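**Student:** Below is a structure I'd like to ask you about.
The values are calculated or read from the model by the stated rules, or taken from the named source; none is laboratory data. Computed from a prediction, not measured in an experiment: that's the story for all the values here. When we count neighbours, we look across all protein chains shown, and the Cβ atoms used for this are built from the backbone with ideal geometry, even at glycine.
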Amino acid sequence: MSEHQLPILVVEDDPSLREAIGDTLELAGRSYIAVEGGNEALKVLGEKAFSIVVSDVRMMPMDGITLLKEIRARLPHLPVVLMTAYAEVDKAVDAMRSGACDFLLKPFEPKALLAHIRKYELPDTGESAGVVAVDPASRELFSMAQRVAQTDATVLLTGESGVGKEVVARFIHRQSARKSGPFVAINCAAIPDSLLEATLFGYEKGAFTGAQQAQAGKFEQAQDGTLLLDEVTEMPLGLQAKLLRVLQEREVERVGGKKPVPLNIRIIATSNREMAEAVAKGVFREDLYYRLNVFPVAIPSLRERREDIVPIARSFVVEHGGRLGRAGVSLSPAAEIALQSHAWPGNVRELENVVQRALIMAPASSILPEHLMLKPRPSATVEVSVSQPIVNEPLPAPSAPTLQESEKRVDNMRDLERDHILRTLAEVGGSRKMAIERLGISERTLRYKLQQYRDEGFFKD
């Protein structure tokens, strides 16, 4: 069986060819999902992550080119290979312009199909790669990180405090050719200005009072590996000029030293500020910004990737449960609903703290909502506002609910959530934009919910 964990999506309206492609993939030890049209493909793409899409061009009612454009709009980094029995140049050109990786001309040999898949597919970015990425936004993020990891380009990671910028940086390092080298991180905001230069660049013996012996700086320590400059916008302006020179020359000179040391490192920088705004205010050098902003990656907040909340929480329960002597403790269904309803202003860092606290507070083997000790949102608009009062109500207990009681509670909350979303949509005359603003949710979340309600027969366009 292949080590690759992500399945392949096959879109083909011809049943016999669809079956033949499936046989080829099974013989190669690859998992796949096969659908007969574009609409079915878009549905499963919203529910599951794939390494690549292999799609026919001539299909009804949605052809392969239209499907390709829809995939590019939703999942811009997901590779797509198109199949066609018609060697039409204009179709090929249109497809390439729309973002297709390549064409397969029917009939093709099984080895040609497998070669295209191996060439273009994304590697696995799930838990086996050291990250939890369930939400489509996270899958996109780590797919992009995977691609830049194959280069030595400088990466600038931006996002709110606590979103996991260092997690992404470490992922890039592990997926790169430098993975056997060191990963060195330095928080530019945590070190006093007077010590930061010596910490970064190192110093020679006698360079300053207390320098009893020479010391290599973080740049030298990261030789042949990756250096993470965390919160780089907090670096003083004078030191920014020296950093710029190091990045330009790819060499560093120790404080008090006379001989430059050549560097072979990859630079990743992070910031929780709006970088362009910092430049405009004059607190960050414009030339350094452009030097660092070779490959920018914006990391979405936890509230923007809600499908990750429960899987990440479960991973923290396992990780910290073992450390705290609480192995075997799990989240109750009601607790998971409560976690999904929370705003998470502190992002993943806040979620980790909440889980650790709940593990300490839970007397039994099940974490209940009251053990989470979540504070109500200050805002009146919440993503699942109808759930908030339920989560914050005093809960009877100390005894854990039965499975039947938990399932009933979850169903009730789902019903309330659905009624609230549909009622809000009706109140704004069907305007999804106004509904998003009133509910405080993302467009992706609303689209997912409505598709779910549509499939269940509760909603019609």
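**Student:** State yes or no: is E231 within 28 Å of the chain's Cα centre (by Cα) and in the same structural domain as D287 (by TED's automatic domain parsing)?
**Tutor:** Criteria met by E231.
**Student:** Any chance segment 114-126 includes a residue that's of a type in the set (A, V, I, L, M, F, W, C), free of Cβ contacts under 8 Å to residues at least 40 places away in the same chain and not assigned by TED's automatic domain parsing to the domain that holds V317? Let's see the steps before the verdict.
**Tutor:** Residues of segment 114-126 of a type in the set (A, V, I, L, M, F, W, C): 114-115, 117, 122.
Filter once more, so that each one left must be free of Cβ contacts under 8 Å to residues at least 40 places away in the same chain: 115.
Going one step further and asking which of them are not assigned by TED's automatic domain parsing to the domain that holds V317, we end up with 115.
Scanning segment 114-126, I find at least one residue that is of a type in the set (A, V, I, L, M, F, W, C), free of Cβ contacts under 8 Å to residues at least 40 places away in the same chain and not assigned by TED's automatic domain parsing to the domain that holds V317, so the answer is yes.
Table: residues versus (1) under 24 Å from Q146 (Cα atoms); (2) of a type in the set (A, V, I, L, M, F, W, C).
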site: T233; (1), (2): no, no
site: P236; (1), (2): no, no
site: L247; (1), (2): yes, yes
site: E251; (1), (2): no, no
site: P262; (1), (2): no, no
site: I268; (1), (2): yes, yes
site: M275; (1), (2): yes, yes
site: A280; (1), (2): no, yes
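**Student:** Got at least one residue in segment 190-205 being surrounded by fewer than 16 Cβ atoms within 10 Å (Cβ to Cβ), in the same structural domain as E253 (by TED's automatic domain parsing) and within 28 Å of V348 (Cα to Cα)?
**Tutor:** yes
**Student:** Filtering segment 25-50 down to residues that are part of a helix (DSSP H, G or I) and over 17 Å from P61 (Cβ atoms), which residue is nearest to the chain's Cα centre (by Cα)?
**Tutor:** It comes out as L45.
**Student:** Identify, by number, the condition in (1) farther than 24 Å from E350 by Cβ; (2) in a helix (DSSP H, G or I) that V167 doesn't meet.
**Tutor:** Just one mismatch for V167, condition (1).
**Student:** Given the conditions (1) crowded, with 23+ Cβ neighbours inside 10 Å; (2) touching a helix residue (DSSP H, G or I) at 6+ places or on another chain (Cβ under 9 Å), report the number of the one that R139 does not fulfil.
**Tutor:** (2)
Here's the yes/no breakdown for (1) farther than 25 Å from Y289 by Cα; (2) touching a Leu at 6+ places or on another chain (Cβ under 7 Å); (3) not polar (S, T, N, Q):
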| site | (1), (2), (3) |
| --- | --- |
| E160 | no, no, yes |
| H173 | no, no, yes |
| S194 | no, no, no |
| K218 | no, yes, yes |
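**Student:** Still on this structure: Give me the pairs, please: first residue somewhere in segment 345-371 and in the same structural domain as E166 (by TED's automatic domain parsing), second residue anywhere and aliphatic (A, V, I, L, M) and modelled with pLDDT of 95 or more, beta-carbon distance under 6 Å, and either six or more positions apart or on two chains.
**Tutor:** As it stands, the answer is none, since no pair meets every condition given.
**Student:** Looking at this structure, is S138 of a type in the set (S, T, N, Q), under 21 Å from F316 (Cβ atoms) and at pLDDT below 90?
**Tutor:** Working: of a type in the set (S, T, N, Q): yes; under 21 Å from F316 (Cβ atoms): yes; at pLDDT below 90: yes.
The answer is yes for S138.
**Student:** Among the residues of segment 313-344, what is the count of those that are in a helix (DSSP H, G or I) and at pLDDT below 90?
**Tutor:** Number satisfying all stated conditions: 11.
**Student:** Does segment 248-265 hold any residues that are surrounded by 18 or more Cβ atoms within 10 Å (Cβ to Cβ) and closer than 23 Å to E286 by Cβ, and which are they?
**Tutor:** Correct list: V252 only.
**Student:** Let me ask you something else. Quick one: A338 ticks every box in (1) crowded, with 19+ Cβ neighbours inside 10 Å; (2) assigned by TED's automatic domain parsing to the domain that holds T226 except a single one, so which number is it?
**Tutor:** (2)
**Student:** Could you count how many residues in segment 174-192 are in contact with a strand residue (DSSP E or B) (Cβ under 6 Å, 6 or more places away or on another chain) and touching a residue at least 60 places away in the same chain (Cβ under 8 Å)?
**Tutor:** 1
**Student:** Let me ask something additional. Quick one: would you say A211 is assigned by TED's automatic domain parsing to the domain that holds R178, touching an Asp or Glu at 6+ places or on another chain (Cβ under 8 Å), surrounded by 15 or more Cβ atoms within 10 Å (Cβ to Cβ) and at negative phi?
**Tutor:** Numbers: assigned by TED's automatic domain parsing to the domain that holds R178: yes; touching an Asp or Glu at 6+ places or on another chain (Cβ under 8 Å): yes; surrounded by 15 or more Cβ atoms within 10 Å (Cβ to Cβ): yes; at negative phi: yes.
Taking the combined requirement at face value, the residue satisfies it.
**Student:** Being part of a helix (DSSP H, G or I) and either among the aromatic types (F, W, Y) or modelled with pLDDT under 90 (or both) is the filter here; which residues of segment 197-237 pass it?
**Tutor:** If the condition is that a residue be part of a helix (DSSP H, G or I) and either among the aromatic types (F, W, Y) or modelled with pLDDT under 90 (or both), then E197, A198, F201, F219 are the ones that fit.
**Student:** Kindly provide the set of residues from segment 266-286 that are exposed (fewer than 12 other Cβ atoms within 10 Å of the Cβ) and either at pLDDT 95 or above or under 13 Å from Q240 (Cα atoms) (or both), ordered by number.
**Tutor:** Hit for segment 266-286 is G282, nothing else.
**Student:** If L324 satisfies every condition in (1) under 30 Å from H173 (Cβ atoms); (2) more than 21 Å from the chain's Cα centre (by Cα); (3) surrounded by fewer than 16 Cβ atoms within 10 Å (Cβ to Cβ); (4) assigned by TED's automatic domain parsing to the domain that holds A133 but one, which is the exception?
**Tutor:** With (1) under 30 Å from H173 (Cβ atoms); (2) more than 21 Å from the chain's Cα centre (by Cα); (3) surrounded by fewer than 16 Cβ atoms within 10 Å (Cβ to Cβ); (4) assigned by TED's automatic domain parsing to the domain that holds A133 applied to L324, the lone miss is (4).
**Student:** Output the qualifying pairs, or none if there are none: Cβ atoms under 7 angstrom, residues six or more apart or on different chains, first residue in segment 52-78 and under 13 Å from F103 (Cα atoms), second residue hydrophobic (A, V, I, L, M, F, W, C) and assigned to a loop (DSSP other than H, G, I, E, B).
**Tutor:** As it stands, the answer is V53/L78; G64/V57; I65/V57; L68/A100, since those pairs meet every condition given.
**Student:** Residues that are among the β-branched types (V, I, T), modelled with pLDDT of 90 or more, surrounded by 15 or more Cβ atoms within 10 Å (Cβ to Cβ) and assigned to a helix (DSSP H, G or I): does segment 8-24 have at least one?
**Tutor:** yes
**Student:** Hey, can you tell me all the residues within segment 143-182 that are β-branched (V, I, T) and more than 23 Å from S301 (Cβ to Cβ)?
**Tutor:** Those that are β-branched (V, I, T) and more than 23 Å from S301 (Cβ to Cβ): T151, T154.
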